[in-house]
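Accompanying notes for the structure given below.
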There are 2 protein chains.
Amino acid sequence: MNSSVVDSADRQSTRARLEAMGRAARAAARAVARADTGTKNRALRAIAAHLDAQRAQIAEANGRDMQAGRDNGLDAALLDRLELTDARIDGMIDGLAQIAELPDPVGEIEDLKYRPSGIQVGKMRVPLGVVGIIYESRPNVTIDAASLCLKSGNATILRGGSEALHSNGAIAACIAAGLKEAGLPEEAVQVVDTTDREAVAAMIGMPEYVDVIVPRGGTGLIERVSRDARVPVIKHLHGVCHVYLDDRADRDKAFNIALNAKTHRYGVCNAMETLLVAEGIADEILPRLAAAYREKGVELRGCERTQKILSDCVAAGEDDWSEEYLAPVLSIRVLVDLDAAMDHIARYGSGHTESVVTEDYTRARRFLSEVDSSSVIVNASTRFADGAEYGLGAEIGISTDKIHARGPVGLEGLTSQKWIVLGDGHIRE
Amino acid sequence: MNSSVVDSADRQSTRARLEAMGRAARAAARAVARADTGTKNRALRAIAAHLDAQRAQIAEANGRDMQAGRDNGLDAALLDRLELTDARIDGMIDGLAQIAELPDPVGEIEDLKYRPSGIQVGKMRVPLGVVGIIYESRPNVTIDAASLCLKSGNATILRGGSEALHSNGAIAACIAAGLKEAGLPEEAVQVVDTTDREAVAAMIGMPEYVDVIVPRGGTGLIERVSRDARVPVIKHLHGVCHVYLDDRADRDKAFNIALNAKTHRYGVCNAMETLLVAEGIADEILPRLAAAYREKGVELRGCERTQKILSDCVAAGEDDWSEEYLAPVLSIRVLVDLDAAMDHIARYGSGHTESVVTEDYTRARRFLSEVDSSSVIVNASTRFADGAEYGLGAEIGISTDKIHARGPVGLEGLTSQKWIVLGDGHIRE
């Protein structure tokens, strides 16, 4: 056999394997969907107990991944994300306990009302069914994703990064043991155990078995999955977040928020990437802010007007306005007013999170209504756009889509609502 | 030039035209999104006034479509759907008035609460942006779709059936005049005026300009759109609805509901297509029901056990269980119990609407929780699964998807929720 025949046979066997996993997930989904809150919580706590008991095995598996990673020349940042220290295992155990504590969204009934016909109509929250999650190297995502899907009554198929294969295998064994102990089918959480890339193509191409795909990782992965998926995708693409300092801003709030939004953490999607400043406040606030940014080592790239105020600021190119730096770099633009700021955001923003700082009632109200982003903020830092800060308890990601879930996606984003009707023999006349 | 060059040039020009429409829609969407309720309602009423004033022009345009339809040998049912009688124009005018009366979903704020950090977090309902609607011959859909999208703050691109080209053009002129009168951009509602099929491919392939596609029409159209779309799709595929008569059903309720669900109207998606009967009640209820069905001219196709009870019933083939008849035909299956009925529904159903008839509390509760369909009903006819019956006022379709909107989709289904945060200078520590 020549190699392309072998490749094609491998691809087919990966596809067949994923299809078998899909069928098993679909069957398990009915059992998880009707599992009561107590059963699901018992499974979560049992998984935590197994993680705790299997620390040695997990460390051994992770050691193998780390060694292979070093041998393959993975960079330090990737190796750091791959490593499962004792503290990270504690983190996974705590996460499971927290999700067990969250209210169960499944079965919640809303708006049950009588209609003139005499029927009662309302909505019941129900699981989506089978959730496919595709992620990169962090093995702790395996527990995060599995526990959120389980609590929301979904079956799940997890496909982690190939570098974490052994670590994920060890974690998967704990999940399976925990599910079994609680009387739930082990197929409720399945971890793909092949590094064949064809597995991703198979997962996103079987709408009969998978109801939604959540890709978590770099832009390349997310764009590829979105382009090729035949299944709905909940995705988080870019976070090009803006803060607009209005000329009617309280100066101290403006200073604090602009500083916090950029420098609290750099590598996060809700960090500010572009600062927009009203011309009426620029001369006064920019020098003070620039000094503070410089002290933190933030590189500033400004429009022409910004450069006139900050003489050592480099020129921002057109590309800077749509760049997600995820680094100590900030682009700054001086604009006429609120409308110009909203135009800039509509043109260059990614629909993630934008904040206005102003004391003007009408401008705050307009920004809140008119800016089309997943989080719109008045007089607070963009860093608040986060599932934990919003009270969701935990999040599977932040969606920059408009359909289904938008912004931080917690348990509720992994569910849907069906209509329920209660009658007493009612018929349509 | 050979014909394939001409074809390719035509395709390119259609694509360029649709892209220009997309760009214009995206620009208009911001204006419609921030239009207040009064402005949108004035536009709806102005469109109604123009329809009323332009009856002669609409009739003339429709006459041309009808003549072309007759010349092209369209069947009587299609010609009937195409025709715009005075009564149908009245219907469009009434529809506009009704939608003007509905509460505006845009800007509605839910769950605004203080968080421990001191920020207030809530959700604001906002338009989706640009909605693309692809439909078949009925020209009155043009008004239904345009008015629902306008009221929910969306710009829309409408692509009707090619047989209705002139009728839709006359209606589009009324819409444009009404929008202008209310001070809204005419590009807020655009009707595609080419019959080139490439227009559909272009519409579903530009996620930068179109946020969601709603296909309305036959299964072929919907499957094609779902398969090829690069934009999220809200779709209604099949309605294979079930009624399960439990052995603890009240006999009269069972009889009335089973009769109504099948015979109230045949060509509708929420009509029952398969009747499931518990073995404990089959001998008693089936002969009585069969007599009533026969009187209405309903053809019965049964499983073996049904055939033993109803000697003149033909045998149902495996295909019958997943068939959407949309006709006076009914498949009947006798089953052991509720679990067998729910298994049948999970295997053959389309996730549209299912009803159980029972007086048993636990069985009713289980059916309600465990059946995974867009509407789940206890002791009432499947025919209630409808936007008007549910109090939505009007619907753009019934979604059998689980993502985003499920079941009857009204104004709310054409919106999304963004997170809003109100602070007072808050920063993350």
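Could you give the dipole magnitude of chain A about its Cα centre, charging the beta-carbon of Lys and Arg +1 and that of Asp and Glu -1, in debye to the nearest 20?
Approximately 1120 debye in magnitude.
Comparing the full protein assembly with the isolated chain, the residues of the range B:412-427 losing at least 50 square angstrom of accessible surface (1.4 Å probe) are B:LYS418, B:TRP419, B:VAL421, B:GLY425, B:ILE427.
With a cut-off of 13 Å between beta carbons, the residues surrounding B:LEU179 carry a summed charge of +2, where Lys and Arg count +1 and Asp and Glu -1. Charging the Cβ of each Asp and Glu at -1 and of each Lys and Arg at +1, and nothing else, the dipole of the range A:241-389 about its Cα centre rounds to 360 debye. Choose one of B:GLY220, B:ILE257, B:GLY69: the residue whose Cα lies farthest towards the positive end of the charge dipole of the protein assembly as shown (beta-carbon charges +1 Lys, Arg; -1 Asp, Glu; about the Cα centre). Selected residue: B:ILE257. Here the gap between B:LEU326 and B:SER117, fully extended at 0.36 nm per residue and compared with their Cα-Cα distance, gives a gain of 69.6 nm.
Could you work out what % of the accessible surface of the range B:241-389 is carbon and sulfur, using a 1.4 angstrom probe and leaving DNA, RNA and ligands out of the count? Its accessible area is 43 percent carbon and sulfur atoms.
Taking the Cα centre of the protein assembly as shown as the origin, how large is its charge dipole in debye, to the nearest 20, when only Lys and Arg (+1) and Asp and Glu (-1) carry charge on their Cβ atoms? Could you put the intermediate results ahead of the total?
Values: 100 positive and 128 negative charges, 50 e Å.
For this selection, approximately 240 debye.
Rounded to the nearest 500, the 222 nm mean residue ellipticity of chain B from helices alone is -14500 deg cm²/dmol, with -39,500 (n - 2.57) taken per DSSP H run of at least 4 residues. Rolling a 1.4 angstrom probe over the protein heavy atoms with all chains in place gives the protein assembly as shown an accessible area of 40 Å² per residue.
Chain A contacts chain B over a buried accessible area of about 5600 Å², both sides summed; the probe is 1.4 Å and only protein chains count. Our summary gives the range B:241-389 a relative contact order of 34 percent, counting only alpha carbon pairs under 8 angstrom and 6 or more residues apart. Inter-label distance, B:GLU208 to B:ARG347: 4.9 nm, where each label sits 7 Å from its Cα along the C-beta direction. Which angle between 0 and 90 degrees, to the nearest 10, do you get for helix A:55-71 versus the longest principal axis of chain A when only C-alpha atoms count? Approximately 60 degrees, to the nearest 10. Counting protein heavy atoms only, the range A:40-84 has 49 percent of its accessible area on carbon and sulfur, 1.4 angstrom probe.
Comment: the Cα-to-Cβ extended label point of B:GLY122, at 7 Å, lies 2.3 nm from its counterparts in the other copies, nearest first. Annotation for B:ARG265 and A:GLU304: the two label points, set 7 Å from Cα along the Cα-Cβ direction, are 6.3 nm apart. Take each residue of peptide A:137-144, count the partner chain Cβ atoms within 10 Å of its Cβ, and average: the result is 0. When the Cα positions of A:SER8, A:VAL121, A:ALA292 are compared along the charge dipole of chain A, A:VAL121 comes out farthest toward the positive end, with charges on each C-beta of Lys, Arg, Asp and Glu. Label point of B:LYS308 (7 Å along Cα→beta-carbon): distances to the other copies' equivalent points are 9.3 nm, sorted ascending. Applying 1/(1 + (r/R0)^6) with r as the Cβ-Cβ distance of A:ALA291 and B:ALA9 and R0 = 56 angstrom yields a FRET efficiency of 0.40. Computed extension gain for B:ASP337 through B:ARG251, at 0.36 nm per residue and net of the alpha carbon distance, reaches 29.3 nm. Sorted shortest first, the distances from the A:ASP94 label point to those of the same residue in the other copies are 6.3 nm; each point sits 7 Å from Cα along Cα-to-Cβ.
Need one value for B:366-372: mean number of C-beta atoms belonging to other chains within 10 Å of its residues' C-beta atoms.
That works out to 5 on average.
Using a 1.4 Å probe on the heavy atoms of the protein chains only, list every residue of the range B:20-61 that has 10 Å² or more less accessible area in the complete assembly than in its chain alone. Those residues are B:ARG30, B:ARG34. Chain A comes nearest to the axis taking it onto chain B at the Cβ of one residue; that residue and its distance, in whole Å, are A:HIS404, 2. Shown for chain A: lysine pairs separated by 8 or more places, or found on different chains, whose C-alpha atoms are under 17 Å apart, numbering 9.
Peptides B:369-382, A:38-51, ordered by how many other C-beta atoms sit within 10 Å of their residues on average, highest first, read B:369-382, A:38-51. Projecting the Cα atoms of A:ALA229, A:ASN154, A:ILE420 onto the dipole axis of chain A, where Lys and Arg carry +1 and Asp and Glu carry -1 at the beta carbon, places A:ILE420 farthest toward the positive end.
Relative contact order of chain A: 18 percent, from C-alpha pairs under 8 Å at least 6 residues apart in sequence. Relative to the longest principal axis of the Cα atoms of chain B, helix B:279-295 runs at roughly 60 degrees. Computed extension length for A:ASP75-A:ALA31: 11.6 nm, one decimal, from 0.36 nm per residue of separation with the Cα-Cα distance subtracted. Between the helical axis of A:251-263 and the longest alpha-carbon principal axis of chain A there is an angle of about 40 degrees. Listed peptides A:172-185, B:9-22, B:125-138 appear in the order B:125-138, A:172-185, B:9-22 once ranked by packing, highest mean of other Cβ atoms within 10 Å at the front.
The values are calculated or read from the model by the stated rules, or taken from the named source; none is laboratory data. Owing to the predicted nature of the structure, the values given are computational and were not obtained by experimental measurement. When we count neighbours, we look across all protein chains shown, and the Cβ atoms used for this are built from the backbone with ideal geometry, even at glycine. Surface accessibility is based on the protein's heavy atoms, side chains included, excluding ligands, DNA and RNA. Shrake-Rupley method; radii C 1.70, N 1.55, O 1.52, S 1.80 Å.
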